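The values are calculated or read from the model by the stated rules, or taken from the named source; none is laboratory data. Bear in mind the structure is a predicted one, so any value in this text is a computation, not a measurement. Reconstructed Cβ throughout: ideal geometry from the backbone, glycine too, with neighbour counts over all protein chains shown.
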Amino acid sequence: MHNKSVAELARELESGKISSVELTREFLDRIKAEDSQYNSFITVTEDQAMADAKAADEQRAAGKAGVWTGVPFAHKDIFCTNGIATTCGSRMLANFVPPYDATVTANFRAAGAVCLGKTNMDEFAMGSSNESSYFGPVTNPWGRSNGEKRVPGGSSGGSAAAIAARLIPAATATDTGGSIRQPAALCGITGLKPTYGRVSRFGMIAFASSLDQGGTMARTAEDNALMLNVMAGVDPQDSTSADRSVPDYTATLNEPLKGLRVGLPKEYFSDQLSPAMEQQVRNAVKEYEKLGAIVKEVSLPHANLAIAAYYVIAPAEASANLSRFDGVRYGYRCENPQDLNDMYTRTRAEGFGGEVKRRILVGTYALSAGYFDAYYLKAQKVRRLIQQDFINAFKDVDVLMSPVSPSPAFVQGEKTSDPVTMYLEDIFTIAVNLAGVPAMSVPAGFVDGLPIGLQIIGNYFDEARLLNAAHQFQQVTDWHQKLPQ
Amino acid sequence: MQWDIVIGLEIHVQLATKTKIFSGSSTAFGAEPNTQASAVDLAMPGTLPVPNEQAFRYAVMFGLAVNADIGRRSVFDRKNYFYPDSPKGYQTTQLDHPIVGPGFVDIDLADGSRKRVRIHHAHLEEDAGKSLHEDFEGMTGIDLNRAGTPLIEIVTEPDLNNAEEAVAFAKKLHSLVSSLGICDGDMSQGSLRFDVNISLKPKGSDTLGTRTETKNLNSFRFMEQAIAHEVDRQMDILEDGGRIVQETRLYNGDRDESRSMRSKEEANDYRYFPCPDLLPVVIDDAFIQSARDLLPELPEARKERFKEQYGLNEYDARLLSDDAGLAAFFEETAKHGKDAKLAANWVLGEFTARMNAEDKTVARAPITGVQLGQLVARIADNTVSSSGAKKVFDALWSGKSTHADDVIEAQGLKQVSDSGALEQMVDEVLAEMPDQVAQYQQETDPKKQKKMLGGFMGPLMKASKGQGNPKLFTEILLKKLNG
């Protein structure tokens, strides 16, 4: 059963071939047996999951089951779960148990899905390798053949690795600069970052509020559509959520792609991309041509400014968002503070890891008197230019296609000493967050035996078209079905 | 050396919304600590602010009342600083795009002149919580009930030139926000808090001096004292050849002392930037109209109406119109009292004196406008004399009775106004006082005559057991004596 997709599991449950209790048991057993190799979970909620599975079976017996009723899944440990530890991968919140659900969490609960636990992540979602977690790095299920341990990507590395290892069929994730798409690509699964505002951010611990977006991870595009059906929609508790109707994202999966206008941004097929990577991406694009797509080259002229603008705006917002972690009301507090200042200083020095502190410092600097105009204001201007690039591009094409990351999964520790090299992991994903448009990562082949992703970028609120394009691709390819080892 | 005093005010006004500016928690004062603090107010991870529409409407009402431009695109910013009563580590406030733009308020001064005070802007923001230093040995308690209470911070231009003007402005503003119903006006609970910026410059100079800011004054009296204190302090320094340090100061009203809180160098770099959790709020014509529709009659307009409708003079009309509660009380009194001027005299005289003496407010006064009006009506129609009326007022105030007529009846305070009976009494008294009558009639100075008239009133009042209508007695006396 653990190799089946959410859609398939839903059908098995519906047919009565298996109960949610049995299914939940199977996945819990797999996590117990296998996860010591990956460290993809921070918390496994076995008792709660079994109780929820039993309730789901009862609901089904009462004739009140939906698609998700009784289907196991997991949450990235950034979504608050009422009564269950929510750490955000940080020592700061290692003891934090929220008394409320994130809207995303509540939506899955209402849908009857069975949450098995909370997945590992880079601390406060800051990282591209899942090496900054207080709970230890996550190991990619791929590329372990010669004894090496590779990163799963980040920050949603735990969700991606757990799905790739078949410990779970689907998991929530978040994407601020590529944190869904890059780990999805490196782990050979399918992930979607929706349009900014499509999914409520309430209860999703903030990294950079204007960039953060909750999204989906699973093996297939269809499963991503099933997840988005549960997650999308306006939320009165998040005034930045979009008040737009939510389509049934599964309804258009089978639309033919004939005439789909695909743009290839020339800036994303540059020197940073290895010839092998480029070849795989171009092969994937050829599949689309076979399906009837019309491909042309387009330009995103300000693409080269995205990383610089992002690394001003995101840390600036983070520096304020993380001020609430002060040891006063919840979370970590240092031992025996001498006075208020000592409590603040040591709580934050001890509670945050290196990458988080680096970004708080960068952000604080960028907002400081005398530097604000040169950094923050300038970055916001660049951001508007980047948005305009996408708006212009979508006048001529329906979707953009590109690589997700410059290279496949790298070996743990390889980039930790050089933050800038690490930041360049997100060179093809970051502009999407600055513009706020939706984008997916779809398995598109292998380089050196490691999975790589095709990025499909859509116009604002055009998730249905992305899912349709990804699903059709998955009807003619089987990259997303490959198993590690 | 002669100095010009330059004063600007910053006023924090708590808006009387039921719930907080970014959460659904109650704003009621006086609850047990932290019982009105939700996950949003506690800045729990992942929580987000949702703006309270009523706070915006109240701010727009204020803007309309001070003749201000309304910011059509209202943007919130984060003001970053660490303090335990600021749970997010930043205050959500407005910097570059406040909801209320430039406006003005006219104030009336004691010498009868009028002065225009310009409002620089007013912005919406959230209040902080409170630190409780006294209750915990060696530790500080935090009460976040107040955290997130909506405020407007009103910033004036430095248009005020002495303590009297500053206090007149402060009182006017207090009256304005109370009349608008956007603030409960209770200064003892911190509903209005004043920061005073003061600088001195040589008389006539165009260059402003270095200013200090004295923070958190919560009574008019302390404000007046703090200004006097700070002006003296700065004058002493300047006349000794010293320089004023730009700083924030705290004033202790009980001791009439002030101390430096922090200097400009120690001031925080607040690192303001637009709050990414809140989209810009667009204020459209329909919203402004919805606020305009809620505007009650403002003191200025009410004063003019009182002059017109009740024939009051400027002074009485202003005293009666500044406070919405007193104005409503007066109108009830006038309505039931038939005579508006007499009603005004009683409201501003006996009623106000009694309130002040017993430290009561209009809302808590033991007598209603209707009751006072019923008494005024009996004075107006000569049923009771003014001295009798005071006794009636006492009985109503003390709660012994609820209707003037009952008191007049019970205490026998009804005046005799039957002219036949009164004339008989006058005849009898004059017959007993022939010498005085003769004296009066020989006197040619009308002033002395008037004084002598009083000599007959005592015996007359005695004869009538105090119930003769003095006015009628006087009329009859004059008729008889002048033959």
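Please verify whether the stretch B:380-391 includes one or more residues that are over 22 Å from B:F473 (Cα atoms), assigned by TED's automatic domain parsing to the domain that holds B:L320 and not in a helix (DSSP H, G or I). Show your work before the answer.
Of the stretch B:380-391, the ones over 22 Å from B:F473 (Cα atoms) are none.
Looking through the stretch B:380-391, none of the residues is over 22 Å from B:F473 (Cα atoms), assigned by TED's automatic domain parsing to the domain that holds B:L320 and not in a helix (DSSP H, G or I).
Of all residues in the stretch B:429-483, how many are within 46 Å of the chain's Cα centre (by Cα), charged (D, E, K, R) and closer than 21 Å to B:D418 by Cβ?
4
Which ones in the stretch B:1-30 are under 26 Å from B:T156 (Cα atoms), polar (S, T, N, Q) and either in a strand (DSSP E or B) or in contact with a Phe, Trp or Tyr (Cβ under 9 Å, 6 or more places away or on another chain) (or both)?
Scanning the stretch B:1-30 gives B:Q14, B:T17.
Among the listed residues B:R57, B:R78, which satisfies the condition of being closer than 24 Å to A:T240 by Cβ, charged (D, E, K, R), in contact (Cβ under 8 Å) with a residue 60 or more places away in the chain and surrounded by fewer than 23 Cβ atoms within 10 Å (Cβ to Cβ)?
Criteria check complete, one pass: B:R57.
Restricting to the stretch B:54-80, what's the tally of residues that are touching a strand residue (DSSP E or B) at 6+ places or on another chain (Cβ under 9 Å) and either within 14 Å of chain A (Cβ to nearest Cβ) or among the hydrophobic types (A, V, I, L, M, F, W, C) (or both)? Reasoning before the result, please.
First pass over the stretch B:54-80, keeping only residues touching a strand residue (DSSP E or B) at 6+ places or on another chain (Cβ under 9 Å): B:54-56, B:58-60, B:62-80.
Remaining after also requiring either within 14 Å of chain A (Cβ to nearest Cβ) or among the hydrophobic types (A, V, I, L, M, F, W, C) (or both): B:55-56, B:59-60, B:62, B:64-66, B:68, B:70, B:74-80.
Qualifying residue count, the stretch B:54-80: 17.
For a quick check of your reading: which helices (runs of 4 or more DSSP H) sit entirely within the stretch A:287-375 and have at least 2 residues that are more than 10 Å from chain B (Cβ to nearest Cβ) and free of Cβ contacts under 8 Å to residues at least 60 places away in the same chain? Lay out the reasoning, then the answer.
On the way: elements: A:306-321, A:340-351, A:354-367.
Helices (runs of 4 or more DSSP H) meeting the threshold: A:340-351, A:354-367.
Name the residues in the stretch B:352-371 that are assigned to a helix (DSSP H, G or I) and either on the phi > 0 side of the Ramachandran plot or in contact (Cβ under 8 Å) with a residue 40 or more places away in the chain (or both), would you?
B:R354, B:G369
Kindly list the number of the only condition in (1) over 30 Å from A:P137 (Cβ atoms); (2) part of a loop (DSSP other than H, G, I, E, B) that fails for A:Q59.
The failed condition is (2).
Assess whether A:P275 counts as being modelled with pLDDT of 95 or more and either surrounded by fewer than 21 Cβ atoms within 10 Å (Cβ to Cβ) or away from chain B (no Cβ under 14 Å) (or both).
Working: modelled with pLDDT of 95 or more: no; either surrounded by fewer than 21 Cβ atoms within 10 Å (Cβ to Cβ) or away from chain B (no Cβ under 14 Å) (or both): yes.
When the stated conditions are applied, A:P275 does not pass them.
Looking at the stretch A:273-310, which of its residues are of a type in the set (S, T, N, Q) and in contact with a strand residue (DSSP E or B) (Cβ under 9 Å, 6 or more places away or on another chain)?
Listed by number, the residues that qualify are A:S274, A:Q279, A:Q280, A:N283, A:S299.
Could you please find all residues in the stretch B:19-53 being under 25 Å from A:G203 (Cβ atoms), touching a helix residue (DSSP H, G or I) at 6+ places or on another chain (Cβ under 9 Å), more than 13 Å from chain A (Cβ to nearest Cβ) and surrounded by fewer than 21 Cβ atoms within 10 Å (Cβ to Cβ)?
B:T19
Among the residues of the stretch B:406-464, write down those that are basic (K, R) and not in a helix (DSSP H, G or I).
Listed by number, the list holds a single entry, B:K414.
Would you be able to say whether some residue in the stretch A:393-414 is in a helix (DSSP H, G or I) and at pLDDT 95 or above?
Yes, because at least one residue in the stretch A:393-414 is in a helix (DSSP H, G or I) and at pLDDT 95 or above.
For B:E213, are the conditions met, namely being out of contact with any Leu (no Cβ under 6 Å at 6 or more places or on another chain), acidic (D, E), surrounded by fewer than 16 Cβ atoms within 10 Å (Cβ to Cβ) and not in a helix (DSSP H, G or I)?
The answer is no for B:E213.
Identify the single condition in (1) in contact (Cβ under 8 Å) with a residue 24 or more places away in the chain; (2) assigned to a loop (DSSP other than H, G, I, E, B) that A:I163 does not satisfy, given that it satisfies every other one.
(2)
Before we move on, is A:V67 hydrophobic (A, V, I, L, M, F, W, C), more than 14 Å from chain B (Cβ to nearest Cβ), surrounded by fewer than 24 Cβ atoms within 10 Å (Cβ to Cβ) and in contact with a helix residue (DSSP H, G or I) (Cβ under 6 Å, 6 or more places away or on another chain)?
Criteria met by A:V67.
Residues in the stretch B:189-207: is at least one outside any strand (DSSP E or B), under 25 Å from the mean Cα position of the chain (by Cα) and surrounded by fewer than 18 Cβ atoms within 10 Å (Cβ to Cβ)?
Yes: one or more hits.
Out of all the residues in the stretch B:255-310, which are within 14 Å of chain A (Cβ to nearest Cβ) and within 25 Å of B:L64 (Cα to Cα)?
Of everything in the stretch B:255-310, those that are within 14 Å of chain A (Cβ to nearest Cβ) and within 25 Å of B:L64 (Cα to Cα) turn out to be B:L278, B:L279, B:P280, B:V281, B:V282.
Within the stretch A:461-479, can you find the residues that are under 17 Å from A:P265 (Cβ atoms) and surrounded by fewer than 24 Cβ atoms within 10 Å (Cβ to Cβ)?
Passing the criteria: only A:D462.
Out of (1) of a type in the set (D, E, K, R); (2) within 14 Å of chain B (Cβ to nearest Cβ); (3) closer than 18 Å to A:I457 by Cβ, the odd one out for A:E267 is which?
(2)
Look at B:E224 and say whether it is surrounded by 14 or more Cβ atoms within 10 Å (Cβ to Cβ) and away from every other protein chain (no Cβ under 14 Å).
Considered against the rule, which asks whether it is surrounded by 14 or more Cβ atoms within 10 Å (Cβ to Cβ) and away from every other protein chain (no Cβ under 14 Å), B:E224 comes out as yes.
Quickly run through the stretch B:288-325 and pick out the residues that are within 13 Å of the chain's Cα centre (by Cα) and assigned to a helix (DSSP H, G or I).
Matches in the stretch B:288-325: B:P299, B:R318, B:L319, B:L320, B:S321, B:A324, B:G325.
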